[in-house]
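The values are calculated or read from the model by the stated rules, or taken from the named source; none is laboratory data. Note that the structure is predicted; figures quoted are calculated from it, not measured. As a convention, Cβ positions derive from the backbone with ideal geometry for all residues, glycine included, and neighbour counts pool all protein chains shown. The area values use the complete protein model at the heavy-atom level, side chains included, leaving out ligands, DNA and RNA. Shrake-Rupley method; radii C 1.70, N 1.55, O 1.52, S 1.80 Å.
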Amino acid sequence: PYTLETIHRVMDVEKLEQVVARINASRNVHQHLDLIAGLPFEDYESFGKSFDRVYAMKPEQLQLGFLKVLKGSEMCERAREYGIVYTDKAPYEVLFTKWLSFDDVLRLKRIEEMVELYYNSNQFVYTMQFLVQAFETPFALYEALADFFERKGYFVNSPARSYRYQVLLEFACEYDGQFEEIYRELLIYDMYLRENLKSRPEFAKDLTPYKDTIRSFYKEEEETRHFLPAYEQYDFKQLARMTHLEPFYFQVWNLPERSAVKRLTTENVGLDSRHNLQYVLFDYQERNPLTGDARTIIW
């Protein structure tokens, strides 16, 4: 609050949280919330608390920026007073302050990159929702993820977009290995929500044991058009190529709290004899306009 007052952006943060929640409830508006590092009176610890508070609002984009000390601005005029040191060329970005060291700024830069890759990309939504529960705070998760990237050399040799799922699995197994099987399914769910993969990642289950069931599903769908009425002109082989049917042993799209997570059984979800699992059909012709996710149907 004192930082906000100092930069003349006094606001009722609790009211902001309520407004953001009301907008989120409709699921039809893409919200961006911003944080600026390097402001007066905010150190690394208090910035982490600010991060956690904004993260809890669940915006589609959490943009972590750094103070730009523009010529003629109040921050420029009071830079000496606040111990703000910044680059002497555009964009005149903060290097350190009286409260935030240069090393702190560098660490926040690494955290910013993790937020961009694993939160703002919206490619790992379900995995990150579960993974964050393994850490004391959301900020602690992204700190650990940044440290993991640094240790593995991924900031130098940046992993390709498809390989970032494998990297996140490695990280999750290192910090929360008891749920490895769930993380594998979470990552597969997140991957197929975004695209119909041409090749499956190494950590995905082998679909050979399920091929007869998958083929039978599409053969029946060719006759009934029960789940895919918009694909009327396509035969079952084309349906199988244009959509995807994936078996899951955990309801990763609706996981309870970690302590209550259970493998699927015929008793706990009323399944038929399909080996205590459920299938999810991913329909790529109908996508969520807000997230770009494929329409999903539980079978």
Revision key, fill the gap. Note: V132 to I7 extended length (0.36 nm per residue) minus current alpha-carbon separation gives 41.8 nm
**Study point:** Label-reachable residues, the stretch 159-197, where backbone N falls under 17 Å from a point 7 Å from Q285's Cα toward its Cβ
**Key:** 196
Revision key, fill the gap. Restricting to lysines and to Cα separations under 22 Å from K68, and discarding same-chain partners fewer than 8 apart, the set is K49, K89, K98, K109
Exercise for review: In debye, nearest 20, what is the charge dipole magnitude of the chain about its Cα centre with +1 on Lys and Arg Cβ and -1 on Asp and Glu Cβ, if you could check?
Suggested key: 520 debye
**Study point:** In order through the stretch 167-178: 3J(HN,Hα) via Karplus (6.51 cos²θ - 1.76 cosθ + 1.60), integer Hz, x for Gly, Pro
**Key:** 4, 5, 5, 4, 5, 4, 5, 5, 9, 8, x, 4
Review point. Most fluctuating residue of Q178, Q63, Q233 in a GNM of the chain with Cα springs under 10 Å: which is it?
Key: Q233
Review point. Which whole-number percent gives the relative contact order of the chain, counting Cα pairs below 8 Å spaced six or more residues apart?
Key: 13 percent
Review point. Peptides 87-96, 124-133: what's the order by average Cβ count within 10 Å, highest mean first?
Key: 124-133, 87-96
Practice item. Taking the Cα centre of the stretch 43-83 as origin, sum charge times position over the Cβ atoms of Lys and Arg (+1) and Asp and Glu (-1), and report the length of that vector in debye to the nearest 20. Key: 100 debye
Review point. Using a cut-off of 29 Å between alpha-carbon atoms, which lysines can reach K198, once sequence neighbours fewer than 8 places away in the same chain are excluded?
Key: K152, K211, K219, K237
Point to revise | Nearest-ten-degree value, helix 138-152 long axis tilted from longest Cα axis of the chain | key: 80 degrees
**Study point:** Cα gyration tensor shape for the stretch 44-149, rounded if a/c is under 1.5, else prolate or oblate
**Key:** prolate
Review point. How large is log10 I(q)/I(0) at q = 0.12, 0.15, 0.23 Å⁻¹ when the Debye formula is applied to the Cα atoms of the stretch 168-271, each weighted equally and without solvent?
Key: -0.51, -0.77, -1.33
Practice item. Starting from the Cα gyration tensor of the stretch 152-216, take the square roots of the eigenvalues, sort them a ≥ b ≥ c, and report rounded, prolate or oblate (rounded when a/c is under 1.5, otherwise prolate if a/b is larger than b/c, else oblate). Key: oblate
Review point. Using a 1.4 angstrom probe with every protein chain in place, what is the largest-first accessible-area order of V13, V105?
Key: V13, V105
Point to revise | GNM result for the chain, Cα springs below 10 Å: residue of L169, L16, L255 fluctuating most strongly | key: L16
Exercise for review: Please give the length that would be gained between V29 and R241 if that part of the chain were fully extended, namely 0.36 nm times their separation in residues minus their C-alpha to C-alpha distance (nm, one decimal).
Suggested key: 73.1 nm
Revision key, fill the gap. Expressed in nanometres to one decimal, the distance between label points 7 Å along Cα→Cβ at K219 and D52 is 5.6 nm
Review point. Between N254 and E232, what length comes free when the chain is fully extended (0.36 nm per residue of separation minus the Cα-Cα distance, one decimal in nm)?
Key: 4.9 nm
Practice item. Return the distance in nm (one decimal) between the two label points of a simple spin-label model at S73 and D206, each offset 7 Å from Cα along Cα→Cβ. Key: 5.8 nm
Study note, to complete from the structure: The size of the Cβ-based charge dipole (Lys, Arg +1; Asp, Glu -1) of the stretch 171-219 about the Cα centre, to the nearest 20 debye, is 500 debye
Review point. Quick one: how many Å² of K71 are accessible to a 1.4 Å probe, rounded to 10?
Key: 130 Å²
